[in-house]
Amino acid sequence: METIVSGARPTGQLHLGHLHGALKNWVKLQDHYRCYFFVADWHALTTDYATPQGINQSTVEMVMDWLSVGLDPTKAVLFRQSRIKEHAELHLLYSMITPVPWLERNPTYKEQIKELTGKDLSTYGFLGYPVLQAADITIYKANKVPVGVDQAPHVELTREIVRRFNQVYKPIFPEPEVLLTETQKLPGLDGRKMSKSYGNAVFLSDAPKEIDQKISRMVTDPARARRTDPGEPEKCPAFQLHKVYSTPDEIAEVSAGCRSAGIGCLDCKKIMIRHVIDDLAPFREKRAQFESKPREVEEVLRAGNQMAQKQAAATMIEVRETLGL
Ligand code: TRP
Ligand code: SF4
């Protein structure tokens, strides 16, 4: 069975963007691969070193959501990066063979420096972030890494580091391949990308009433200022949710109604809101169970950490032997 590794920063409560961007995919993959999914808590420090306080809480919240949507600790190894010190050791050894220009030309690095202007990104840790990621992936000898396009350059860099390691020392690592997650792009309530920090997210744990209120206020095609103005569904962020959640018949019906001004935006949204609520209901129920038993989540992580550690330790014995250390 091939091995898959993927990680996510501890962002706390997860939203629809995470669900359709990664989680549903992970849940499918766990039946076909040996999967390692982890909380990348060290990675959180690469951009937010000054605020480590929330990491524990965010880790538990996120893993609760993972379990609620169906990630299954009997199928996949769920663990926390900072509990496996071997990642740090391999990161150190990789840092010796990684040319700085490889890191400086990383498109994600350049983009983040430009976009995250409020943060201090002039650190060694932020530049070396993909080297840590290379260690995360290869310490489990991953064959495939399911990520979105934004992370693809990091996996490419991982391949380059692995190639160099295998050449300079001994070929002990497989070159991992990107398994591109074709993300259905989900806009947030204000039409921008859904993100907790934008305050435009529908969370997996939101109550039906909250979901209803949030989506009822979601931006629509600005051309429909009045009920009698016709609109164009493709220019409407709420319609993107229809495309994910509604049936083909419903989509056809609201599209026609939008273009002819035969349906109001609120009635149009109501059709989709019902689906969102129904789809999230089982996750919410499961989450409530975990919330009443936080020990269970801790136990899942403890067991996962142990399994991951065993594999990571075995790889590091091989690595140390290879280098004669
Ligand atoms: N860099 C990823 C992110 O910010 C998280 C991550 C860390 C990761 N290590 C990884 C993803 C290894 C895939 C594989 O989202
Ligand atoms: Fe969007 Fe529906 Fe309103 Fe058209 S009718 S603008 S698709 S919410």
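The values are calculated or read from the model by the stated rules, or taken from the named source; none is laboratory data. Just so it is clear, the model here is predicted, and its values are computed rather than measured. Ideal geometry is used to build each Cβ from the backbone, glycine not excepted, and the neighbour counts take in all protein chains shown. Areas reflect the complete protein model, heavy atoms only, side chains present, ligands, DNA and RNA absent. Shrake-Rupley method; radii C 1.70, N 1.55, O 1.52, S 1.80 Å.
Details
- Hits in the stretch 61-77 - residues which are open to solvent by less than 30 Å² (accessible area, probe 1.4 Å) and within 21 Å of LYS196 (Cβ to Cβ): MET62, VAL63, MET64, ASP65, TRP66, LEU67, SER68, VAL69, LEU71
- Output for the stretch 153-198, where each listed residue is among the aromatic types (Phe, Trp, Tyr), assigned by TED's automatic domain parsing to the domain that holds LYS24 and free of Cβ contacts under 8 Å to residues at least 60 places away in the same chain: PHE173
- Residue, nearest to ligand 1 (Cβ to nearest atom), within the stretch 117-133, restricted to residues that are touching a His at 6+ places or on another chain (Cβ under 8 Å) and in a helix (DSSP H, G or I): GLN133
- Output for the stretch 1-19, where each listed residue is at pLDDT 95 or above, away from ligand 1 (no atom under 13 Å from the Cβ) and either open to solvent by 40 Å² or more (accessible area, probe 1.4 Å) or assigned to a helix (DSSP H, G or I) (or both): GLU2, LEU16, LEU19
- Any chance CYS258 is of a type outside the set (A, V, I, L, M), over 17 Å from THR59 (Cβ atoms) and open to solvent by less than 40 Å² (accessible area, probe 1.4 Å): yes
- Filter result (near ligand 2 (Cβ under 10 Å from one of its atoms) and either part of a loop (DSSP other than H, G, I, E, B) or of a type in the set (Lys, Arg) (or both)) within the stretch 244-259: ARG259
- Looking only at residues of the stretch 210-222 that are open to solvent by 50 Å² or more (accessible area, probe 1.4 Å) and of a type in the set (D, E, K, R), we find that the one that is nearest to ligand 1 (Cβ to nearest atom) is GLU210.
- When ASP267 is tested against the conditions (1) surrounded by 13 or more Cβ atoms within 10 Å (Cβ to Cβ); (2) within 11 Å of ligand 2 (Cβ to nearest atom), the lone failure is (1).
- When the stretch 51-60 is filtered for residues that are within 15 Å of ligand 1 (Cβ to nearest atom) and open to solvent by 10 Å² or more (accessible area, probe 1.4 Å), the ones remaining, listed by number, are ILE55, SER58.
- Residues that are hydroxyl-bearing (Ser, Thr, Tyr) and touching a residue at least 24 places away in the same chain (Cβ under 8 Å) within the stretch 226-285 comprise THR228, TYR245, SER246, SER260, listed in sequence order.
- For the stretch 78-96, a residue qualifies if it is open to solvent by less than 30 Å² (accessible area, probe 1.4 Å), within 15 Å of ARG163 (Cα to Cα) and of a type outside the set (A, V, I, L, M), and exactly one does: TYR94.
- No other residue among ALA201, ALA238, ALA207, ALA225 is over 30 Å from ALA135 (Cα atoms), at pLDDT below 95 and either outside the structural domain of ASP136 (by TED's automatic domain parsing) or open to solvent by less than 60 Å² (accessible area, probe 1.4 Å) (or both) apart from ALA225.
Yes or no, residue by residue, for (1) within 16 Å of ligand 1 (Cβ to nearest atom); (2) part of a loop (DSSP other than H, G, I, E, B); (3) β-branched (Val, Ile, Thr); (4) within 30 Å of LYS170 (Cβ to Cβ):
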position: GLY21; (1), (2), (3), (4): yes, no, no, no
position: THR74; (1), (2), (3), (4): no, yes, yes, no
position: GLU89; (1), (2), (3), (4): yes, no, no, yes
position: SER95; (1), (2), (3), (4): yes, no, no, yes
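- Selection of the stretch 24-50 for residues being in contact with a Leu (Cβ under 9 Å, 6 or more places away or on another chain), more than 14 Å from ligand 1 (Cβ to nearest atom) and either hydrophobic (A, V, I, L, M, F, W, C) or without any contact (Cβ under 8 Å) to a residue 12 or more places away in the chain (or both) yields only VAL27.
- Selection within the stretch 127-164 - of a type in the set (D, E, K, R), open to solvent by 10 Å² or more (accessible area, probe 1.4 Å) and modelled with pLDDT of 95 or more: LYS141, LYS144, GLU156, ARG159, GLU160, ARG163, ARG164
- One residue stands out in the stretch 97-118 among those that are more than 20 Å from the chain's Cα centre (by Cα) and buried (at least 17 other Cβ atoms within 10 Å of the Cβ): the one that is farthest from THR47 (Cα to Cα), namely THR98.
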